[in-house]
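Participant: Handing you a structure now.
The values are calculated or read from the model by the stated rules, or taken from the named source; none is laboratory data. All figures in this text were calculated on a predicted structure; none of them were measured in a lab. All Cβ positions, glycine included, derive from the backbone under ideal geometry; neighbour counts span all protein chains shown. What goes into the accessible areas is simple: the full protein's heavy atoms, side chains included, and nothing from ligands, DNA or RNA. Shrake-Rupley method; radii C 1.70, N 1.55, O 1.52, S 1.80 Å.
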Amino acid sequence: MKVLVINSGSSSIKYRLFDMTDKTLMARGIIERIGISGSKLTHYREGGAEYRSGVEYRSEQEISDHGAAIGLIFAALTDAGHGAVKRAGEIDIIGHRVVHGGEIFSQPVLVDNIVKENIRQLAGLAPLHNPANLLGIEACERLIPGIRQVAVFDTAFHHTIPRRAYMYGIPYRYYEKYGIRKYGFHGTSHRYVSRRAAEMLGRPLKELKMISCHLGSGASITAVHGGCSVDTSMGFTPLEGVVMGTRSGDLDPAIVTFLMEKENLSPEEISGILNHRSGVFGLSGISSDFRDLDKAAADGNDMARLAMEVFVYRVRKYIGAYAAQLNGLDGLIFTAGLGENSPGIRSEICHGLDFLGISIDPEKNAIRGRETDISAPDSRVRILVIPTNEELMIADETLRALN
Ligand code: AMP
């Protein structure tokens, strides 16, 4: 069974082709700057049983829209030199990442006209993402008529969050009228790492209490009980929660109206500030990338140090809150760019959490991007670094929708 996973953004499309008989990656790639000058495709065909060595292929050309981009992806996948299949017909099914499934979609679904219409209507909740996801679906449909496609939703994993955790303390009618509630994001990543954690621990997922920290340029923390999300830090939008690369995370809502008044800001302008010019970037004035902050802090820059301290502090607050909600903790998981690659940040987050049974082993922690149990032998909570693999999870979920 060959599954093509497509993650279609507003100006880029990432893809991976898996052979799901043994879950091997056959090819992967990305198209960037769709509809913008300087568009390019970067494609890799993996080595392995069929092809002895991997091949990289790059091409720069104008790519005007998502239809043209999907066309190029299929051309790359079926190319005699760097392709991974002989014809597009060998691909059995396509799984699409769709960011927002609202309250409608708690499971992956086979795409039909009703599903497409629902994704379109949910664009109000995810104006940057859902329309782009839909463009990817429709482009595949045009190119390979009749191909089966599945939509896998980022929000779906969080459908098990109870209403006491997803409701905001504002008039109930806004929930009814606009669907204002916590939805949560990064669901595919939290689902994947919590399953892998159970496998690494050799224990049934059903009996585990875990906190999953997806710490990348976007960051979210999820409390997972028995394999189900019971609370998560992102909310109605991906702006809530911990301080992120450029996003503010939690703040007193009165700050929003205060700033709008004082600085004479429109809704778009304040949204731009909170989404793109805040977080550790806004605090430090240096960068949203922790590698830059690390270096600047080591050179004595106090604003870089402050930004990192605020980030670590907020993550620890969520860990404490979720350990209380779960009434215990078996596993603490670190994933995504920063979680997988920064021993320093992991160590700072875990420092002083020994009362919860969290104790890191400094030597085991000195790894990057590898599945590792980094807990000290006497740590009651197992602390795990697990590289996320959202695409493989989407491929799995795509097959689940078929069954
Ligand atoms: P992601 O969004 O998951 O790709 O994560 C991107 C973020 O991970 C970057 O902005 C960095 O802050 C962080 N990151 C990636 N690699 C490293 C590293 N080696 N050390 C520290 N931070 C890293």
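Participant: Of everything in the stretch 10-19 that's more than 14 Å from GLY48 (Cα to Cα) and touching a helix residue (DSSP H, G or I) at 6+ places or on another chain (Cβ under 6 Å), which residue is modelled with the lowest pLDDT? Show your work before the answer.
Facilitator: First pass over the stretch 10-19, keeping only residues more than 14 Å from GLY48 (Cα to Cα): 10-16.
If we keep only those that are touching a helix residue (DSSP H, G or I) at 6+ places or on another chain (Cβ under 6 Å) as well, we get 10, 13, 15-16.
Details: SER10: 83, ILE13: 94, TYR15: 98, ARG16: 98.
So the residue we want is SER10.
Participant: Looking at (1) among the hydroxyl-bearing types (Ser, Thr, Tyr); (2) more than 10 Å from the ligand (Cβ to nearest atom); (3) free of Cβ contacts under 8 Å to residues at least 24 places away in the same chain; (4) surrounded by 17 or more Cβ atoms within 10 Å (Cβ to Cβ), which is the one condition that is false for THR257?
Facilitator: The single condition THR257 does not satisfy is (4).
Participant: Given the residues GLY320, GLY328, GLY344, GLY300, which is the only one that is in contact with a strand residue (DSSP E or B) (Cβ under 9 Å, 6 or more places away or on another chain) and of a type in the set (Gly, Ala, Ser)? Full working, then the answer.
Facilitator: Numbers: GLY320 fails: in contact with a strand residue (DSSP E or B) (Cβ under 9 Å, 6 or more places away or on another chain); GLY344 fails: in contact with a strand residue (DSSP E or B) (Cβ under 9 Å, 6 or more places away or on another chain); GLY300 fails: in contact with a strand residue (DSSP E or B) (Cβ under 9 Å, 6 or more places away or on another chain).
Going through GLY320, GLY328, GLY344, GLY300 in turn, just one is in contact with a strand residue (DSSP E or B) (Cβ under 9 Å, 6 or more places away or on another chain) and of a type in the set (Gly, Ala, Ser): GLY328.
Participant: Please determine, by comparing only the residues of the stretch 177-223 that are open to solvent by less than 10 Å² (accessible area, probe 1.4 Å) and part of a helix (DSSP H, G or I), which one is farthest from the ligand (Cβ to nearest atom).
Facilitator: This residue is ALA198.
Participant: To continue, here is another question. Across the stretch 153-176, what is the total count of residues that are crowded, with 18+ Cβ neighbours inside 10 Å and among the aliphatic types (A, V, I, L, M)?
Facilitator: Of the stretch 153-176, the ones crowded, with 18+ Cβ neighbours inside 10 Å are 153-159, 161, 166.
Next, only the ones that are among the aliphatic types (A, V, I, L, M) stay: 156, 161.
Summing the residues that are crowded, with 18+ Cβ neighbours inside 10 Å and among the aliphatic types (A, V, I, L, M) in the stretch 153-176 gives 2.
Participant: Could you check the stretch 365-387 and list, in sequence order, the residues that are touching a strand residue (DSSP E or B) at 6+ places or on another chain (Cβ under 6 Å) and open to solvent by 40 Å² or more (accessible area, probe 1.4 Å)?
Facilitator: Answer for the stretch 365-387, where residues must be touching a strand residue (DSSP E or B) at 6+ places or on another chain (Cβ under 6 Å) and open to solvent by 40 Å² or more (accessible area, probe 1.4 Å): ASP373, ARG382.
Participant: Now, a different point. Does the stretch 224-242 hold any residues that are touching a residue at least 40 places away in the same chain (Cβ under 8 Å), open to solvent by less than 10 Å² (accessible area, probe 1.4 Å) and touching a Ser or Thr at 6+ places or on another chain (Cβ under 8 Å), and which are they?
Facilitator: Scanning the stretch 224-242 gives SER229, THR232, SER233, MET234, GLY241, VAL242.
Participant: Now for a separate question. Report yes if ILE104 is open to solvent by 40 Å² or more (accessible area, probe 1.4 Å), β-branched (Val, Ile, Thr), more than 20 Å from VAL3 (Cβ to Cβ) and not in a loop (DSSP other than H, G, I, E, B), otherwise no. Before you say what the answer is, go through the steps one by one.
Facilitator: On the way: open to solvent by 40 Å² or more (accessible area, probe 1.4 Å): yes; β-branched (Val, Ile, Thr): yes; more than 20 Å from VAL3 (Cβ to Cβ): yes; not in a loop (DSSP other than H, G, I, E, B): no.
Criteria not met by ILE104.
Participant: Which count do you get for residues in the stretch 302-345 that are among the hydrophobic types (A, V, I, L, M, F, W, C), crowded, with 17+ Cβ neighbours inside 10 Å, part of a helix (DSSP H, G or I) and away from the ligand (no atom under 16 Å from the Cβ)?
Facilitator: Adding up the residues that qualify gives 3.
Participant: Quick one: is ALA75 open to solvent by 10 Å² or more (accessible area, probe 1.4 Å), more than 24 Å from GLY187 (Cα to Cα) and assigned to a helix (DSSP H, G or I)?
Facilitator: Numbers: open to solvent by 10 Å² or more (accessible area, probe 1.4 Å): yes; more than 24 Å from GLY187 (Cα to Cα): yes; assigned to a helix (DSSP H, G or I): yes.
Yes; evaluated as a whole, the condition is true for this residue.
So that you can scan it fast, the table gives a plain yes or no per residue for (1) free of Cβ contacts under 8 Å to residues at least 60 places away in the same chain; (2) closer than 28 Å to ASN275 by Cα; (3) open to solvent by 10 Å² or more (accessible area, probe 1.4 Å); (4) assigned to a helix (DSSP H, G or I):
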site	(1), (2), (3), (4)
SER53	yes, no, yes, no
SER59	yes, no, yes, no
GLU62	yes, no, yes, no
GLY67	no, no, yes, yes
GLY71	no, no, yes, yes
GLY83	yes, no, no, no
ILE119	yes, yes, no, yes
GLY136	no, yes, no, yes
CYS140	no, no, no, yes
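Participant: Right, something else. Given (1) out of contact with any Gly (no Cβ under 6 Å at 6 or more places or on another chain); (2) within 16 Å of the ligand (Cβ to nearest atom); (3) among the small types (Gly, Ala, Ser), where does GLY226 come up short, assuming only one miss?
Facilitator: (2)
Participant: Just wondering, is there one or more residues in the stretch 270-292 that are farther than 18 Å from VAL242 by Cβ, aliphatic (A, V, I, L, M) and within 16 Å of the ligand (Cβ to nearest atom)?
Facilitator: Within the stretch 270-292, one or more residues are farther than 18 Å from VAL242 by Cβ, aliphatic (A, V, I, L, M) and within 16 Å of the ligand (Cβ to nearest atom).
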